[in-house]
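Engineer: Take a look at the following structure, please.
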Amino acid sequence: MATTSLTGLPDPIISVKDVGVQFDRGRRSAGLRQMILRRDRGPARDSFWALRHVSFDVSPGEAIGVIGRNGQGKSTLLKVVTGVLLPDEGRATVRADVSPLIEITGGFVPDLTGRENIYLAAGLHGMSRKEIDARFDEIVDFAEIHKFLDSPYRHYSSGMQVRLAFSVVSQLEGPILLVDEVLAVGDKAFRDKCYNRIDELLAAGRTLFLVSHNNGDLQRFCTRGLYLRGGELRADGPLDDVLDLYAKER
Ligand SMILES: Nc1ncnc2c1ncn2[C@@H]1O[C@H](COP(=O)(O)OP(=O)(O)OP(=O)(O)O)[C@@H](O)[C@H]1O
């Protein structure tokens, strides 16, 4: 049975409670002297927390910018929300399907044609053949790859590959939209199309997580900011306040 909220706020669509993710850097590289003298005593494990004590709730329809310098845990946080990574500590509860516009070309097969990849990728994300048939023309129009539809995907330029992948994934119905730096790849005209598409999805009530190093993109779409530093949630609040703090600390 669904929990009734007594706070007047809608139940969170995402609830992250004290999440920690630990990674292993693997074997420490031995110095030349150690290697020669064989003084190293086997693999020294070197694990670290890519995320630690991260907690926040997200209401349906919120648009959140995830901010932080390189290597501070932003992509790791998105992977926890997508469910591809299980936390070592704490819990992430996600109450709706996620449309991941991250690492979007990952599911595409180089030797298949664009047409075949559309059916494969959309099918893997849970769309039925009938649904794909109905959206096929829109996907191809958006990606502007008509002439190359029956060419192998590996012959596409990297910009064309991202266009097609964005076009397919942005047709998914998941109420939660995760967007990583994919938008940095396309040319300006295509980026503008992607922005408009994200606007449409937000207007339709989707919840957005946007990871970006571009303040303009963050301010365009997001009202709330999560600032990660050293794997910890340094700030969570109105986007402009969080960007100010980030600028001071950078
Ligand atoms: N599978 C993995 N195994 C080991 N270490 C990892 C793995 N994935 C990420 N890391 C490390 O975890 C830390 C956080 O990485 P993450 O990709 O989440 O950072 P980020 O904030 O998204 O960075 P960027 O802005 O550069 O994309 C980094 O030190 C990274 O090297």
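Derivation of every value follows stated rules applied to the coordinates shown; laboratory data play no part. Remember, predicted model here, so these are calculated numbers, not experimental data. Note that we place each Cβ from the backbone using ideal geometry, even for glycine, and neighbour counts take in every protein chain shown.
Engineer: Kindly list the residues of the range 74-103 that lie in the label zone of SER55, defined by a backbone N under 18 Å from the point 7 Å along the Cα-to-C-beta vector.
Structural biologist: Residues 87-94 qualify, since their backbone N sits under 18 Å from the label point.
Engineer: Output the pairs from LYS74/LYS248; LYS130/LYS193; LYS79/LYS248; LYS147/LYS193 with a Cα-Cα distance over 24 Å in this structure; if there are none, say none.
Structural biologist: Those over the limit are LYS130/LYS193; LYS79/LYS248.
Engineer: What FRET efficiency comes out for the pair ASP46/ARG69, r = Cβ-Cβ distance, R0 = 22 Å, nearest 0.05?
Structural biologist: 0.60
Engineer: Can you tell me what share of the DSSP beta bridges in the chain is antiparallel? A percent to the nearest 5 is fine.
Structural biologist: 55 percent
Engineer: Also: Normalized C-alpha radius of gyration of the range 14-249, against 2.2 N^0.38 Å?
Structural biologist: For the range 14-249, the normalised Cα radius of gyration comes out at 1.16.
Engineer: Sticking with this one: So what is the 222 nm mean residue ellipticity for the chain from helices alone, if each DSSP H run of at least 4 adds -39500 (n - 2.57) and you divide by all residues, rounding to the nearest 500 deg cm²/dmol?
Structural biologist: -10500 deg cm²/dmol
Engineer: Below 8 Å between Cα atoms, with a sequence gap of 6+, how large is the relative contact order for the chain in percent?
Structural biologist: The normalised contact order for the chain reaches 26 percent.
Engineer: How far apart, in nm, are the 7 Å Cα→Cβ label points at ASP199 and SER128?
Structural biologist: Once both label points are built, they end up 3.4 nm from each other.
Engineer: Hey, got the dipole for the chain? About the Cα centre, +1 on K and R Cβ, -1 on D and E Cβ, debye to the nearest 20?
Structural biologist: For the chain, the charge dipole is close to 1360 debye.
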